[in-house]
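**Student:** Mind looking over this structure? Questions follow.
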């Protein structure tokens, strides 16, 4: 299971890459592996105002439906439309494919996220 | 609530070895997938897959009145099958609702094996014994059998490599009670739940692991283990009903479109009167095939709306691996059941348009 060092992680198995005031949001390798074959992604709404903890996208695998939550508040400024046509990209390259990019209102909420080491430990505890 | 330990089939260790992803399936610890549902699904459609279906229930009906007893409990006409033949049938309540759907194996007219849904074994056994008559013995033998399904166009070729029984002589929905496979005495039927050609093998539990490994070795690259996930997408694509979704106490076999398996002219059976009435007046609800017009994946029990009112629900829905798009089955009022009719499916509280179709489901290519 891949856990890139430079990213931050949530306990809902999302990753966040911080670029200035922008938070790039995706799902982890652990998440895509557990979901299995991803066949549908309901991508976030562009320009939507979101609060930390909001559901911003829905991912459906053959077997289950799973929500993607944003750990930060702000505005959705970019979405990954390729996922609508090719949802399996999330299985193939979970860290190259983002779900959405959020222009953050308050970057301090990033402090609650896990580091790569912490996340790796967290996944091990989950089994 | 007291948590009870999950039941394991005799193939549990084998699944672990294959790195199956184990889930709780109605109290059984079984693999939902090994490598991936879509890959396993495609392998069964193009080559072969091997499934552990040992969780299925088996109930033995014996005695001089066995045939008449089954005839009274089931909707199909059991007198039409001969020794070594198999029949799909349903057991109904007096109101026409379904107790279970099952297959009947006839060894003789005094010896039958019923293969029932795992989740319904206890209920079925109670229902059957509550109607018992003199001259019939009912035994729940579920724990005595392991069951392995080998499904796909290459199933026969693979199994024949390790069998002295001529498998080509077993026709569709027939069985060989004394077959030999991998040096093990077993019962083999040409049956399945995938829409493909294939076999189901019944054998003593203590030989299941050995049998499984021999089949996998014989199949080489042409076979791989397939889990419950693929079993569900395969059966669904082939429009084979699943109890609890297309069938249940509140859905009759006629509503589910299973008229072929309801023989109203072959004497009395439990539920006949109600089903006869349904047939004469036409059922209010009809099981329809549909495709999505909007974006989304329909799933079991999603509500169906038309003109702002709920008119029915999705029985099964999925992304079809073969067609690469979502398809579904829904139980709808007869007036909205014609192909072309449009309706909305509520997906996460939002209406998504869908359309009634016909012929959208999988049919095995004929040779």
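**Student:** Consider residue A:10 against the criteria (1) within 14 Å of another protein chain (Cβ to nearest Cβ); (2) touching a residue at least 60 places away in the same chain (Cβ under 8 Å); (3) over 12 Å from residue A:91 (Cβ atoms): it satisfies all of them except one. Which criterion is unmet?
**Tutor:** (1)
**Student:** OK, next. Which residue out of A:97, A:121 is closer than 30 Å to residue B:36 by Cβ and surrounded by fewer than 14 Cβ atoms within 10 Å (Cβ to Cβ)? Break it down into steps so the answer makes sense when it comes.
**Tutor:** On the way: A:97 fails: surrounded by fewer than 14 Cβ atoms within 10 Å (Cβ to Cβ).
Checking each option against the conditions leaves just A:121.
**Student:** Please find, within segment B:11-35, the residue that is farthest from the other protein chains (Cβ to nearest Cβ) out of those that are part of a loop (DSSP other than H, G, I, E, B) and surrounded by fewer than 20 Cβ atoms within 10 Å (Cβ to Cβ).
**Tutor:** Just the residues of segment B:11-35 that are part of a loop (DSSP other than H, G, I, E, B), to begin with: B:11, B:18-20, B:26-27, B:34-35.
Now restrict to residues that are surrounded by fewer than 20 Cβ atoms within 10 Å (Cβ to Cβ): B:18-19, B:26-27, B:35.
Numbers: B:18: 16, B:19: 12, B:26: 15, B:27: 18, B:35: 10 Å.
It comes out as B:27.
**Student:** Considering each residue of segment B:267-295, count those that are surrounded by 15 or more Cβ atoms within 10 Å (Cβ to Cβ), within 26 Å of residue B:357 (Cβ to Cβ) and touching a strand residue (DSSP E or B) at 6+ places or on another chain (Cβ under 7 Å), and give that number.
**Tutor:** Result for segment B:267-295: 8.
**Student:** Restricting to segment B:36-66, what's the tally of residues that are out of contact with any strand residue (DSSP E or B) (no Cβ under 7 Å at 6 or more places or on another chain) and within 14 Å of another protein chain (Cβ to nearest Cβ)?
**Tutor:** Residues that pass the stated criteria total 6.
**Student:** For segment B:290-338, name all the residues that are without any contact (Cβ under 8 Å) to a residue 60 or more places away in the chain, more than 14 Å from chain A (Cβ to nearest Cβ) and in a loop (DSSP other than H, G, I, E, B).
**Tutor:** Across segment B:290-338, the qualifying residues are B:307, B:308, B:337, B:338.
**Student:** From the list B:114, B:60, which one is touching a helix residue (DSSP H, G or I) at 6+ places or on another chain (Cβ under 8 Å) and in a strand (DSSP E or B)?
**Tutor:** Values: B:60 fails: touching a helix residue (DSSP H, G or I) at 6+ places or on another chain (Cβ under 8 Å).
Only one candidate passes the filter, namely B:114.
**Student:** What number goes with the only condition from (1) closer than 17 Å to residue B:231 by Cβ; (2) modelled with pLDDT under 95 that residue B:14 does not pass?
**Tutor:** Going through the list (1) closer than 17 Å to residue B:231 by Cβ; (2) modelled with pLDDT under 95, residue B:14 breaks only (2).
**Student:** Within segment A:22-53, take every residue that is under 15 Å from residue A:71 (Cβ atoms) and not in a strand (DSSP E or B) and give me the one that is farthest from the other protein chains (Cβ to nearest Cβ). Talk me through it step by step, then tell me what you get.
**Tutor:** Step one: of segment A:22-53, the residues under 15 Å from residue A:71 (Cβ atoms) are A:22-28, A:31, A:44, A:50-53.
If we keep only those that are not in a strand (DSSP E or B) as well, we get A:28, A:31, A:44, A:51-53.
Values: A:28: 17, A:31: 14, A:44: 14, A:51: 19, A:52: 21, A:53: 17 Å.
The qualifying residue farthest from the other protein chains (Cβ to nearest Cβ) is A:52.
**Student:** I'd like the full set of residues that are touching a helix residue (DSSP H, G or I) at 6+ places or on another chain (Cβ under 9 Å) and part of a helix (DSSP H, G or I), limited to segment B:69-104.
**Tutor:** Hits for segment B:69-104 are B:69, B:70, B:71, B:73, B:78, B:79.
**Student:** Restrict the check to segment B:247-258 and report whether at least one residue is surrounded by fewer than 17 Cβ atoms within 10 Å (Cβ to Cβ), more than 17 Å from the chain's Cα centre (by Cα) and at pLDDT 95 or above.
**Tutor:** yes
**Student:** Same structure, new question: So which strands (runs of 3 or more DSSP E) are wholly in segment B:169-246 and hold at least 1 residues that are at pLDDT 95 or above and closer than 21 Å to residue A:37 by Cβ? Walk me through how you get there before you give the answer.
**Tutor:** Numbers: elements: B:175-181, B:184-189, B:198-204, B:223-225.
Because the criterion is at least 1 residues that are at pLDDT 95 or above and closer than 21 Å to residue A:37 by Cβ, the strands (runs of 3 or more DSSP E) in segment B:169-246 that meet it are B:223-225.
**Student:** Let me ask you something else. Given the options B:193, B:202, name the one that is under 24 Å from residue B:21 (Cβ atoms) and more than 14 Å from every other protein chain (Cβ to nearest Cβ). Explain how you work it out, then say what you get.
**Tutor:** Values: B:202 fails: under 24 Å from residue B:21 (Cβ atoms).
Only one candidate passes the filter, namely B:193.
**Student:** Moving to a separate point now. So in segment B:339-361, with the set limited to residues that are away from chain A (no Cβ under 14 Å) and crowded, with 21+ Cβ neighbours inside 10 Å, which one is nearest to the chain's Cα centre (by Cα)? Don't jump to the end; show me each part of the working.
**Tutor:** First pass over segment B:339-361, keeping only residues away from chain A (no Cβ under 14 Å): B:339-344, B:351, B:353-361.
Then keep just the ones that are crowded, with 21+ Cβ neighbours inside 10 Å; that gives B:343, B:354.
Details: B:343: 28, B:354: 26 Å.
So, considering only residues that are away from chain A (no Cβ under 14 Å) and crowded, with 21+ Cβ neighbours inside 10 Å, the one nearest to the chain's Cα centre (by Cα) is B:354.
**Student:** Here is a further query. If a residue has to be surrounded by 21 or more Cβ atoms within 10 Å (Cβ to Cβ) and touching a helix residue (DSSP H, G or I) at 6+ places or on another chain (Cβ under 7 Å) to count, how many in segment A:38-62 make the cut?
**Tutor:** Looking only at that region, the number is 5.
**Student:** The conditions are (1) under 23 Å from residue B:21 (Cα atoms); (2) touching a helix residue (DSSP H, G or I) at 6+ places or on another chain (Cβ under 9 Å); (3) within 14 Å of chain B (Cβ to nearest Cβ), and residue A:65 fails exactly one of them. Which is it?
**Tutor:** (2)
The values are calculated or read from the model by the stated rules, or taken from the named source; none is laboratory data. Keep in mind it's a predicted model, so treat the numbers as computed, not measured. Note that each Cβ is placed from the backbone with ideal geometry, even for glycine, and that neighbours are counted across all protein chains shown.
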